[in-house]
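The values are calculated or read from the model by the stated rules, or taken from the named source; none is laboratory data. Everything numeric in this text was worked out from a predicted model, so none of it was measured. Note: ideal-geometry Cβ built from the backbone for every residue, glycine included; neighbour counts use all protein chains shown.
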Amino acid sequence: MKTNVHWFTYLLAIVCIVSVAGFSMAFADAHEMAEESHAEHEEEAAEEKSSIPGWFRVDTDSLGTNFLIGATHVVGGIPLASTIYIGGTSGEYDLGVVLPVVKGESTSLTLLPTLGVGFDYSGANGPSTLFPQMFVFLPAGKFYFQSWTIATLFLPSYSEDATNTVYTRNRLTYRINDTVDLGPQAEAVYLFDGIGIVSFIIGGRINIAYGENNTLGVLVGYDLEKGEDDTGITGRLSFTRNW
């Protein structure tokens with residue numbers, strides 16, 4: 001009888017050990033599957049986040065130094081491009097709709113009508129300006145054309161004496177290699193109230209690859225509407241980071 005009891009005890013112990021081991025293995029497998037599922041979910045979320053193209057640029061020219069941050073989001077199947085401009089105490093918020101007009105293997109045409117709202121944070125007077133704009137992007141093989149036209153419309157909250165303006169910037173570059181693009185650029189500033197063109201710059205533009213997804217842009221130009229005491233030599237230095 002004691003022998004049977006001992007065998008029964010041993011058998012019960014073996015069953016318990018096997019059961020615990022089986023449960024542990026099942027729990028480990030389930031935990032591992034949960035971790036893999038969580039990792040896959042995080043990877044998909046990361047890919048979804050990384051699929052949002054964005055960029056950062058800093059410009060220095062006659063207007064000072066400005067910081068620009070932009071991104072493109074797809075909302076309801078519609079690609080929306082947004083940009084934030086920061087310079088001194090001024091801030092601007094832009095929103096536009098990306099309109100692909102032509103899509104080809106080597107040539108495409110994209111229009112980007114945009115409306116911006118500007119704030120002068122040196123005072124608590126709300127919006128100071130409106131910025132209706134139009135961008136044109138035309139890559140064609142090794143050539144790339146870009147045009148930007150913007151109207152600056154001052155609101156009464158900013159100043160009743162401010163003069164509205166139209167500014168346009170157009171450039172055509174040719175890709176020499178993977179490092180250098182260069183070509184002509186022209187830009188002009190037109191003031192309303194019978195003042196007319198106050199600046200008309202023609203010059204050369206060079207873009208230099210500055211590491212992965214980085215571009216250093218240099219414009220050297222001559223202002224045809226220069227003042228009597230000015231040499232007319234002017235330009236712009238910019239750095240752009242894309243992701």
Query - Members of the range 193-223 that are hydrophobic (A, V, I, L, M, F, W, C), more than 29 Å from the chain's Cα centre (by Cα) and surrounded by 13 or more Cβ atoms within 10 Å (Cβ to Cβ) - result: Val198
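How many residues, within the range 60-89, are in a loop (DSSP other than H, G, I, E, B) and either within 19 Å of Pro132 (Cβ to Cβ) or not β-branched (Val, Ile, Thr) (or both)? Quick ask: steps written out before the conclusion?
Residues of the range 60-89 that are in a loop (DSSP other than H, G, I, E, B), as a first pass: 62-63, 76-77, 88-89.
The next check asks that each one be either within 19 Å of Pro132 (Cβ to Cβ) or not β-branched (Val, Ile, Thr) (or both); those that pass are 62-63, 76-77, 88.
Residues that pass the stated criteria total 5.
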Query raised in the report: Give me the pairs: first residue in the range 95-110 and in contact (Cβ under 8 Å) with a residue 40 or more places away in the chain, second residue surrounded by 13 or more Cβ atoms within 10 Å (Cβ to Cβ) and in a strand (DSSP E or B), beta-carbon distance under 7 Å, and six or more apart or on different chains, which are they?
Result: none
Report task. Return a yes/no flag: does the range 82-101 have any residue that is at pLDDT 95 or above, surrounded by 12 or more Cβ atoms within 10 Å (Cβ to Cβ), out of contact with any Gly (no Cβ under 9 Å at 6 or more places or on another chain) and over 27 Å from Phe143 (Cα atoms). Result -> yes
